[in-house]
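The values are calculated or read from the model by the stated rules, or taken from the named source; none is laboratory data. Being a predicted model, the structure only gives us computed values, none of them experimental. FYI the Cβ positions are ideal-geometry reconstructions off the backbone, even for glycines, and counts take in every protein chain you see.
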Amino acid sequence: MKVKLLYFARLREALGVDREEITLPEHVRDVAGLTDWLRSRPGPFAQALVPASQVRVAVNREMAEPKTPIPEGAEIAFFPPVTGGAGRVRVQAEDFDAGLEISRLKAGNPKIGAVASFIGLVRDVNEGERINQMTLEHYPGMTENALDAIVKEAQARWDLIDVLVIHRVGTLAPTDQIVLVVVASAHRGDAFRACEFLMDYLKTRAPFWKKEQTPAGTRWVEARVSDDALASRWDEAEKGRA
């Protein structure tokens, strides 16, 4: 069975390759089997793909579990946990004009009574070290799908009129804008809650990875337990409403 393998962020650097097309052995039929087989290959695979808790897998741009089957011709991506996308989603290298985007979103709609927005910026210090620049990497196609799913979940939870998410990728410097989230609704409560929810989920569920350039060198930003905790509170709130 032939498949395409993609490697992102620190895994790409550790393996020294970003993609390969290979023929799998007959016994490899699911994600767990593929991961075990890759770890047994010569070279850096055994070290790069551990610990298992720090490796995520997607099959045909959908998040996969160990027992997820692998179909013929599948595109299979390996990446670390993310550190971060009718709603509108854009992933782009270009900067955005927040005022212009908000004006466009609410223009001519008298049903809108509240607009909440969030702008994320590159800080000059992170974890006690100065940041010279930051590079944001994403998984084209899957990232947009993930952002769209997050927007749809927000729309299912609250009464929203419109949503816009813009997330930049590429190399950014301190004070550069990274992300814009805008939520329009009839009432401020829904707008505020949805905006906060979108950012919490975006940070943990959208395939973005950050690499920081510091005076001491480069480093990949690991997923934070605090971000997971912020996202999980929305899951608890949803259980409480059920």
Could you count how many residues in segment 46-65 are closer than 18 Å to L6 by Cβ, of a type in the set (G, A, S) and either in the same structural domain as V181 (by TED's automatic domain parsing) or in a helix (DSSP H, G or I) (or both)? 1
Only strands (runs of 3 or more DSSP E) wholly contained in segment 107-205 count here; list those with 1 or more residues that are at pLDDT 95 or above, in the same structural domain as E75 (by TED's automatic domain parsing) and out of contact with any Leu (no Cβ under 8 Å at 6 or more places or on another chain). none
Which pairs turn up if I take residues in segment 180-191 that are farther than 22 Å from E94 by Cβ and look for partners that are among the polar types (S, T, N, Q) and at pLDDT below 95 with beta carbon separation below 9 Å, at least 6 apart in sequence or on another chain? A184/N109
Kindly provide the set of residues from segment 136-169 that are in contact with a Phe, Trp or Tyr (Cβ under 9 Å, 6 or more places away or on another chain) and more than 23 Å from K106 (Cα to Cα), ordered by number. L136, E137, H138, Y139, T143, A146, V169
Single condition G43 does not satisfy, out of (1) more than 24 Å from the chain's Cα centre (by Cα); (2) part of a strand (DSSP E or B): (2)
For segment 66-80 the number of residues that are surrounded by fewer than 18 Cβ atoms within 10 Å (Cβ to Cβ), out of contact with any Asp or Glu (no Cβ under 9 Å at 6 or more places or on another chain) and part of a loop (DSSP other than H, G, I, E, B) is 3
Filter result (of a type in the set (S, T, Y) and closer than 17 Å to F8 by Cα) within segment 20-59: T35, S53
I'd like to verify a number: residues in segment 18-57 that are surrounded by 14 or more Cβ atoms within 10 Å (Cβ to Cβ), closer than 17 Å to E72 by Cβ and in contact with a helix residue (DSSP H, G or I) (Cβ under 8 Å, 6 or more places away or on another chain), how many? 2
